[in-house]
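No value in this document is a laboratory result; all are computed from the given coordinates. As the structure is a prediction and not an experimental result, all values here were calculated from the model. Glycine also receives a Cβ, built like all others from the backbone with ideal geometry; neighbour counts cover every protein chain displayed.
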Amino acid sequence: MRLDSLDLTDDTAPLVAKVTLPRFLAKFPRSDEELWVADVEVRRSESVIQRFDSIFFVEGAGLVSIFGIASPDGHPHGLASDLALEQQSFITFLRQENAGTERLLGPVIRIFSSHLYYSELVVTKAYLSTRGSSLDAGVGYHDPETGTYVTHVVEVAFSERGI
């Protein structure tokens with residue numbers, strides 16, 4: 001069977017993210033970190049596109065991450081309540097996408113080292129690509145084996161070979 005003849009449903013198609021040109025907002029006080037904002041589209045097919053306006057990213061110390069990803073509950077500290085809840089909802093959406101992919105693929109998904117943070121990494125890579133940046137990606141995930149929340153740096157140059 002040829003690959004182009006496969007009929008991928010919305011649930012089985014790979015996750016794709018598109019990020020608008022990020023806009024600089026502010027530098028964090030007493031830190032080298034900067035706050036950026038961009039709109040994000042996430043899709044698995046042309047028919048189902050999720051749009052998220054004004055998603056915040058943090059750049060600093062050689063990496064970029066989705067603002068709030070360092071918190072186990074995805075809540076970014078320091079934002080106004082309504083903005084923080086929208087950001088948290090976006091992170092929750094990405095984590096649900098990870099869980100859905102794991103349910104769909106089952107144990108085979110574990111052959112990919114990034115299966116616990118795949119959606120976050122897809123969005124962060126899209127951000128980096130739009131910015132033309134070579135920073136690494138910061139991700140966060142709940143480790144089911146230890147029961148702890150882990151933050152992790154993914155060297156983007158090495159993660160290009162696969163998920």
Vicinal HN-Hα couplings computed from phi for the stretch 75-90 (Karplus, 6.51 cos²θ - 1.76 cosθ + 1.60; Hz; Gly/Pro x): 8, x, 7, x, 9, 4, 3, 5, 5, 5, 5, 5, 5, 4, 4, 5
Estimated FRET transfer efficiency when R0 is 30 angstrom, pair E155-R110 (beta carbons, to 0.05): 0.90
Length gained when the stretch S81-Q96 is fully extended (0.36 nm per residue, less Cα-Cα span): 3.2 nm
Convex hull projection area averaged over all views, the stretch 68-163, Cα basis, nm²: 6.7 nm²
Fewest-first ranking of E145, E97, E155, using other Cβ atoms within 10 Å as the exposure measure: E145, E155, E97
Among G106, S89, L79 the positive-end extreme of the charge dipole of the stretch 1-129 (Cβ point charges): G106
Gain on full stretching of the segment that runs from E46 to E34 - 0.36 nm per residue minus C-alpha separation: 1.0 nm
Diffusion coefficient, µm² s⁻¹, Stokes-Einstein with Kirkwood Rh over alpha-carbon pairs of the stretch 3-159 at 37 °C and 0.692 mPa s: 203 µm²/s
